[in-house]
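Chemist: Pasting in a structure now, in structure tokens, and then I'll have a few things to ask.
The values are calculated or read from the model by the stated rules, or taken from the named source; none is laboratory data. What you see is a predicted model; the values in this text were computed from it and never measured. No Cβ is skipped: glycine too gets one built from the backbone with ideal geometry, and neighbour counts run over all protein chains shown.
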Amino acid sequence: MSQHSSEAVLLRTWPFHESDLMISLFTREAGKLRGVAKAALKSRKRFGGALEPMTCLRANYTQLPRQDLVRFESFEPVVSPLAQPVDYLRAAALALYAEVLEAVLPEHDPHDAIFRLTPAVLAETQVGRCWMPITYFSLWITRLSGWLPDIDRCTVCAERLSAGGFFHAAWDGLTCSIHRREGSGTLDPDSIVLALRMLREPVSTMGEPWPRDRARDLRRFLWRTLERHIEHHLRAADALLQLGG
Ligand SMILES: [Zn+2]
């Protein structure tokens with residue numbers, strides 16, 4: 001039995017029995033962990049204010065021998081997503097981050113680059129300026145998961161996609177117009193240029209708020225790529241599509 005303390009981001013909670021919760025937590029030192037928080041719904045002292053998805057916190061937990069599940073002892077909130085105003089779009093953005101992280105991260109496998117991406121994107125996700133961080137997160141999580149193809153080359157002939165590219169729900173990567181598959185969506189050349197810039201620059205330098213139609217095609221391409229790899233439909237992406245993004 002060993003005691004640990006780690007920076008973490010809360011991904012999801014499930015009712016367990018009585019006032020216990022099952023919790024999925026993305027920790028810096030050990031990656032995604034699942035475990036039980038005894039009496040979490042009663043004990044404001046040990047867990048109070050830190051049970052909302054995408055809360056950044058410090059988690060104290062015990063790793064039990066020969067068990068996958070850990071025992072969460074207490075959380076100390078560092079940044080709550082509810083400390084800033086929330087509207088429907090910001091709530092949907094937070095839901096997307098939590099759903100994607102929960103789906104892409106393997107358990108007990110630290111991933112420092114994804115861990116550093118998360119609070120940086122969260123800090124930019126504010127009412128009135130959500131579309132840029134949503135897009136940035138979707139692009140980088142796809143890349144850091146190893147699923148992003150060359151964004152400016154046809155996957156079949158390697159031709160540069162200076163006139164834009166085409167993507168298909170059932171296939172990896174982008175194609176040129178010659179190798180376009182029936183039923184493909186299109187990716188605008190401006191979106192490709194924007195993606196290349198996002199791959200070079202930190203999220204904090206991406207500038208002014210975006211209108212919701214900026215890089216909409218890029219988000220669709222990225223969500224389809226993620227969905228194909230995680231083999232499930234992103235419910236939070238539906239909410240964002242309904243909001244016009
Ligand atoms: Zn081609």
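Chemist: Please name all residue pairs, on different chains or six or more residues apart, with Cβ atoms under 7 Å, provided the first residue is in region 173-185 and is under 23 Å from Arg143 (Cβ atoms) and assigned by TED's automatic domain parsing to the domain that holds Val156 and the second residue is among the aliphatic types (A, V, I, L, M) and within 8 Å of the ligand (Cβ to nearest atom).
Modeler: As it stands, the answer is Thr175/Val156; His179/Val156, since those pairs meet every condition given.
Chemist: Now for a different question. Against the conditions (1) assigned to a strand (DSSP E or B); (2) touching a Phe, Trp or Tyr at 6+ places or on another chain (Cβ under 8 Å), where does Arg34 fall short? Just the number, please.
Modeler: (2) is the only condition that Arg34 fails.
Chemist: OK, next. Scanning region 174-191 for residues that are near the ligand (Cβ under 10 Å from one of its atoms) and assigned to a loop (DSSP other than H, G, I, E, B), which turns out nearest to Thr225 (Cα to Cα)?
Modeler: The residue in question is Leu174.
Chemist: Kindly indicate which of Thr155, Thr205 is β-branched (Val, Ile, Thr), over 21 Å from Leu101 (Cα atoms) and surrounded by fewer than 15 Cβ atoms within 10 Å (Cβ to Cβ).
Modeler: Unique residue meeting the criteria: Thr205.
Chemist: Inspect all residues belonging to region 160-167 and state whether any of them is in contact (Cβ under 8 Å) with a residue 40 or more places away in the chain and either more than 16 Å from the ligand (Cβ to nearest atom) or farther than 19 Å from Met206 by Cα (or both).
Modeler: Yes, the conditions are met somewhere in region 160-167.
Chemist: For region 43-57, does any single residue satisfy the condition of being farther than 26 Å from Ala239 by Cα, within 20 Å of the chain's Cα centre (by Cα) and not in a helix (DSSP H, G or I)?
Modeler: Within region 43-57, one or more residues are farther than 26 Å from Ala239 by Cα, within 20 Å of the chain's Cα centre (by Cα) and not in a helix (DSSP H, G or I).
Chemist: Inspect all residues belonging to region 133-156 and state whether any of them is without any contact (Cβ under 8 Å) to a residue 24 or more places away in the chain, within 14 Å of the ligand (Cβ to nearest atom), within 16 Å of Arg216 (Cα to Cα) and not small (Gly, Ala, Ser).
Modeler: no
Chemist: Read through the list (1) farther than 23 Å from Ala237 by Cα; (2) touching a strand residue (DSSP E or B) at 6+ places or on another chain (Cβ under 8 Å); (3) at pLDDT below 95; (4) not aromatic (Phe, Trp, Tyr), then give the number of the only condition that Gln84 fails.
Modeler: Of (1) farther than 23 Å from Ala237 by Cα; (2) touching a strand residue (DSSP E or B) at 6+ places or on another chain (Cβ under 8 Å); (3) at pLDDT below 95; (4) not aromatic (Phe, Trp, Tyr), only one is false for Gln84: (1).
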